[in-house]
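K.L.:
Here it is, the structure in full.
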Amino acid sequence: QVQPVESGGGLVQPGGSLRLSCAASGSIFSGYAMGWYRQAPGKQRELVAFITSGGNTHYADSVKGRFTISRDNAKNMVYCQMNSLKPEDTAVYYCNRFPAVAGSWGQGTQVTVSS
């Protein structure tokens, strides 16, 4: 199976916004819940949000009200709109199925929130 490809990260000031995109192969995406995860320096990778194949969503408490996960089933795409970004959101962001599948991690996209 082909690993997901994440994009859309960058450097942003506190309070700013970014929109992450993830292109996943059908074998990873179709019919499965998909999640966004992040790993900050020196910390374990954590779940940020997931969305079921039917569109139900769940968010980590740390991002609730600021991040919005969405998906386009026709394009095998997953998105994460991130608003009101904080320095503690700095991390490499990854997408994968939820629950995550070992061996299906992409390269991730770096998000840095700093003034």
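K.L.:
According to the square roots a ≥ b ≥ c of the eigenvalues of the Cα gyration tensor, what is the shape class of the range 1-51, taking rounded for a/c under 1.5, prolate for a/b larger than b/c otherwise, and oblate for the remainder? Provide the component values of the computation, followed by the final result.
P.N.:
Details: a/c = 2.11, a/b = 1.64, b/c = 1.29.
Prolate, since a/c reaches 1.5 and a/b exceeds b/c.
K.L.:
To continue, here is another question. Kindly point out, ordered by number, any Cys in the chain whose beta-carbon has no other cysteine beta-carbon under 4.7 Å away.
P.N.:
Isolated Cys, the chain: 80.
K.L.:
Another one. Please state the shape class of the range 70-115: rounded when a/c is under 1.5, otherwise prolate if a/b exceeds b/c and oblate if not, all from the C-alpha gyration tensor.
P.N.:
Here the range 70-115 falls in the oblate category.
K.L.:
Say each of residue 25 and residue 39 gets a label point 7 Å from the Cα, pointing the same way as Cα to Cβ; how far apart are those two points in nm?
P.N.:
2.0 nm
K.L.:
Okay, next question. Computing the accessible area with a 1.4 Å probe over protein heavy atoms, can you report the carbon and sulfur percentage for the range 23-113?
P.N.:
Answer for the range 23-113: carbon and sulfur cover 49 percent of the accessible area.
K.L.:
Separation between the residue 86 and residue 112 pseudo-spin-labels, each 7 Å from Cα along Cα→Cβ, expressed in nm?
P.N.:
2.1 nm
K.L.:
Rolling a 1.4 angstrom probe over the protein heavy atoms, how many square angstrom per residue are accessible across the chain? Can you show the working numbers first?
P.N.:
Numbers: 5750 Å² over 115 residues.
About 50 Å² of surface per residue is accessible.
K.L.:
How about residue 64: which aspartates and glutamates have a C-alpha closer than 17 Å to its C-alpha, ignoring those fewer than 8 places off in the same chain?
P.N.:
46, 88, 89
K.L.:
To continue, here is another question. Over the chain, one equal point on each Cα, no solvent: what is log10 I(q)/I(0) by the Debye formula at q = 0.09, 0.20 Å⁻¹?
P.N.:
Scattering profile of the chain, log10 relative to I(0): -0.20, -1.02.
The values are calculated or read from the model by the stated rules, or taken from the named source; none is laboratory data. The shown structure was predicted, so the numbers you read here are calculated from the model rather than taken from an experiment. FYI the Cβ positions are ideal-geometry reconstructions off the backbone, even for glycines, and counts take in every protein chain you see. Accessible surface areas use protein heavy atoms only, side chains included; no ligands, DNA or RNA. Shrake-Rupley method; radii C 1.70, N 1.55, O 1.52, S 1.80 Å.
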